[in-house]
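J.: Here's a structure for you.
The values are calculated or read from the model by the stated rules, or taken from the named source; none is laboratory data. Computed from a predicted model, the values in this text were never measured in an experiment. Don't worry about glycine lacking a Cβ; one is built from the backbone with ideal geometry, like all the others, and counts go over all protein chains shown.
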Amino acid sequence: MCGIVGYTGTEAAKDILISGLKRLEYRGYDSAGVALERTSAHETVVDVIRRVGKVAGLESELANVDAEAACGIGHTRWATHGRPSTVNAHPHVSCDGRIAIVHNGIIENFAELRSELEGRGHTFASETDTEVFAHLIEEAYAREHDLLGALREACTHVVGAYGIAAVCADEPGVIAVARKDSPIIIGRGEHGSYVASDMIAVIDSTRDVVVLEDGQFARLTPEGISYTDAQGEPIEPPVTHVDWNIDMAEKAGYPDFMLKEICEQPRVVRDTLVGRMTGGELSIDELGLSLEELNLIDRVYVIACGTSYHAGLIAKNLIEMWARIPCEVEAASEFRYRDPIITPSTLVVAVSQSGETADTLAAIRDARIKGAKVFGITNVVGSPVARESDGVIYTKANKEIAVASTKSFIGQVVSLTLLALLLAQVKYRLTVGQVRMLFRELGDTAEQIQWIFETQKDAIHEAALACKDAHSALFVGRGMGAAIANEGALKLKEISYLHAEAYAAGEMKHGPIALIDPGFPVIAIATKSPVYDKTVSNLKECEARGAKIIVVATEGDEDIREIADHVIYIPRVRDAFCAITATVPLQLLAREVALMRGCDVDQPRNLAKSVTVE
Ligand code: F6R
């Protein structure tokens, strides 16, 4: 996740920006930079200082810069377009260097805008989507000589998400700000005006803030702040007083990172789909394979570990159902020591949130030596998995801090679903029209997840109470439900230390049913699907032996209450997409149980976020 901070006032901007950037650093970064206004007797210029790596590096560089500026903007970057490097670091500047901007979000039509701007003589210095904004503002400024007006006009050309702050050497002391789908807060303090993407960056200086809404603009000066709407009409947005402490501010007011990250999942779905349907056609340009090469693929291996492996189990169902290509899912730690059957027409898909899991990397290397094409799905731009694969999709989950994966799993499942749709399209197993329809439905899962947050809180709490004192629990399901059960069981055991296993519901009577005694929790995924009745039959067998039955069911299914002690509903959704929605209540359930058992949900014992050893 990127972070923005800006200040204009009477104090040294450099210090305020560095302290704000340090506060934003916990989200991860790959580079940081500032733009500071410097005024001499004759003119004002904008100095841009950028550094790859930690904010501390930027800070030491700034120590040598004689910067007395009282106006500036800063940024920490979590790369999405373009590798982590100094040229790709923000701020980005216009051709004449007089306008500098920092941006959070993704500009979907940047490729188009870039070629238009280049055609009109603009020169680009970076690979980022952001830079188009600097050049668009430059063009508009040449006509209007008004920074905020130029920013407003630039926004009319941009499709995508942005929180943006801009400064211009011709308007010293002014910061122009805009927002669409990317958070921006603005505040007034004793010594000036502040802007940030997150309260944490400015909490020491101001606690009375305006949370900018989509389509609103702000103009900050040392003396005050004015707000306008998309038409340039003045508005007076409400001011909110924030009394969070630092710890609460880091978590955006959530009690823990895990909950914050679970709640970000609707955004992850949306961001991962941005730019994938262009001109009515599904595209994954980063795949690194031509359509002809894709068409030749006759076997897919998904290799991954832990939660990422579970995303692979979902993908197997989708790839085989839609593309009719055999798909094996294998723990990378096993794959690397076997002798799997790999030919030049095998596609190996390596899934890794961190992009640096040792077993997954070793498996990638092995697969490539054996002649497979390897495609990576990762959350970290420029990570070893990204670098060592033939092509890569980035999951757009942004930095995940809680050790247990939640939002990156959803990003992985959405990305793998896109891959399955693409393979089906290339193999003519689905028509372009069908792919478009499925793509739309995939996007709808963002709202469906939101519905779960809004309506199922109490049901999840009740289910958690029913599990919290158990010694063990079973997660069961069939088809997609069986794949989801694996992730539900892993989440519960890793953060609550309550032993949990996942079983295909039909396997229960081949052994695990012996575990069931009165009160034993059985958590089932029994959504309306072709195997619904079969799953219900298996649950009846558990009920007959006294199990406490908790079911994730489809909204409106009242019959399930006959056997279930607790029901958590998810919206009616195509079976292919229920992994996305049905996993969410299981994440929340695991978190509630862990909290009830007094566990640290963000940092469970014995675990690490990146597993870089075998
Ligand atoms: C579970 C979890 C782990 C990781 C696994 C792989 O919540 O986070 O099981 O999924 O260690 O890590 P990545 O995806 O980084 O390769």
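J.: Tell me yes or no: at least one residue of the range 478-496 is buried (at least 20 other Cβ atoms within 10 Å of the Cβ), at pLDDT below 95, in contact with a helix residue (DSSP H, G or I) (Cβ under 8 Å, 6 or more places away or on another chain) and hydroxyl-bearing (S, T, Y).
T.: no
J.: Right, next: Restricting the range 411-431 to residues that are among the β-branched types (V, I, T) and more than 13 Å from the ligand (Cβ to nearest atom), which is nearest to Y26 (Cα to Cα)?
T.: Across the range 411-431, the extreme among qualifying residues is V414.
J.: Sort out which residues of the range 268-283 are within 10 Å of the chain's Cα centre (by Cα) and surrounded by fewer than 20 Cβ atoms within 10 Å (Cβ to Cβ), and write them in order of number.
T.: R270
J.: When the residues of the range 284-309 are filtered to those that are outside any loop (DSSP other than H, G, I, E, B) and of a type in the set (V, I, T), which remaining residue is farthest from the chain's Cα centre (by Cα)?
T.: Among those that are outside any loop (DSSP other than H, G, I, E, B) and of a type in the set (V, I, T), it is V300.
J.: Could you list, in sequence order, all residues of the range 231-256 that are closer than 25 Å to R591 by Cβ and polar (S, T, N, Q)?
T.: Of everything in the range 231-256, just one residue is closer than 25 Å to R591 by Cβ and polar (S, T, N, Q), namely N245.
J.: Is there a residue in the range 137-159 that is of a type in the set (D, E, K, R), touching a Cys at 6+ places or on another chain (Cβ under 8 Å) and surrounded by 17 or more Cβ atoms within 10 Å (Cβ to Cβ)? First the steps, then the outcome.
T.: Step one: filter the range 137-159 for residues of a type in the set (D, E, K, R), giving 138-139, 143-144, 146, 152-153.
Checking which are touching a Cys at 6+ places or on another chain (Cβ under 8 Å) leaves us with 138.
Subsequent filtering for residues that are surrounded by 17 or more Cβ atoms within 10 Å (Cβ to Cβ) retains 138.
Yes.
J.: If you scan the range 337-351, which residues turn out to be within 15 Å of the ligand (Cβ to nearest atom) and more than 22 Å from A608 (Cα to Cα)?
T.: Correct list: V348, V349.
J.: Considering (1) more than 16 Å from the ligand (Cβ to nearest atom); (2) of a type in the set (V, I, T); (3) touching a residue at least 60 places away in the same chain (Cβ under 8 Å); (4) surrounded by fewer than 24 Cβ atoms within 10 Å (Cβ to Cβ), say which one T307 fails and leave the rest.
T.: Among (1) more than 16 Å from the ligand (Cβ to nearest atom); (2) of a type in the set (V, I, T); (3) touching a residue at least 60 places away in the same chain (Cβ under 8 Å); (4) surrounded by fewer than 24 Cβ atoms within 10 Å (Cβ to Cβ), T307 violates only (1).
J.: Is it fair to say P266 is within 30 Å of Y26 (Cα to Cα), out of contact with any Gly (no Cβ under 7 Å at 6 or more places or on another chain), at pLDDT 95 or above and away from the ligand (no atom under 16 Å from the Cβ)?
T.: So P266 passes the test.
J.: Can you tell me which residue within the range 310-333, out of those that are surrounded by fewer than 24 Cβ atoms within 10 Å (Cβ to Cβ) and within 14 Å of the ligand (Cβ to nearest atom), is nearest to I484 (Cα to Cα)?
T.: Going through the qualifying residues, I end up with L313.
J.: Moving to a separate point now. From the list S389, S354, S408, pick out the single residue that is near the ligand (Cβ under 10 Å from one of its atoms), farther than 17 Å from C327 by Cα and buried (at least 24 other Cβ atoms within 10 Å of the Cβ). Step through it out loud before you land on a result.
T.: On the way: S389 fails: near the ligand (Cβ under 10 Å from one of its atoms); S354 fails: buried (at least 24 other Cβ atoms within 10 Å of the Cβ).
Being near the ligand (Cβ under 10 Å from one of its atoms), farther than 17 Å from C327 by Cα and buried (at least 24 other Cβ atoms within 10 Å of the Cβ) holds for just one of S389, S354, S408, which is S408.
J.: Test of understanding: among D243, D247, D214, which residue is surrounded by fewer than 19 Cβ atoms within 10 Å (Cβ to Cβ) and either aliphatic (A, V, I, L, M) or touching a strand residue (DSSP E or B) at 6+ places or on another chain (Cβ under 9 Å) (or both)?
T.: D214
J.: Go through the range 334-352 and count every residue that is over 17 Å from G376 (Cα atoms) and not in a loop (DSSP other than H, G, I, E, B).
T.: 1
J.: State whether the residues of the range 362-377 include one that is over 25 Å from L294 (Cα atoms), in the same structural domain as P266 (by TED's automatic domain parsing) and buried (at least 24 other Cβ atoms within 10 Å of the Cβ).
T.: No - not one qualifying residue is present in the range 362-377.
J.: Next up: Evaluate the following for E441: is it over 18 Å from A590 (Cα atoms) and in contact (Cβ under 8 Å) with a residue 24 or more places away in the chain?
T.: Spelling it out, E441 is indeed over 18 Å from A590 (Cα atoms) and in contact (Cβ under 8 Å) with a residue 24 or more places away in the chain.
J.: Go through the range 104-148 and report how many residues are in contact with a helix residue (DSSP H, G or I) (Cβ under 7 Å, 6 or more places away or on another chain) and in a helix (DSSP H, G or I).
T.: Selection size over the range 104-148: 13.
J.: I'm trying to understand the selection: among the residues of the range 154-187, which are of a type in the set (G, A, S), in a strand (DSSP E or B) and touching a Lys or Arg at 6+ places or on another chain (Cβ under 9 Å)?
T.: Residues satisfying the conditions are G160, G163, A176, A178, G187.
J.: In the range 370-381, is there at least one residue being in a helix (DSSP H, G or I), of a type in the set (V, I, T), in contact (Cβ under 8 Å) with a residue 60 or more places away in the chain and within 15 Å of the ligand (Cβ to nearest atom)?
T.: The answer is no; no qualifying residue exists.
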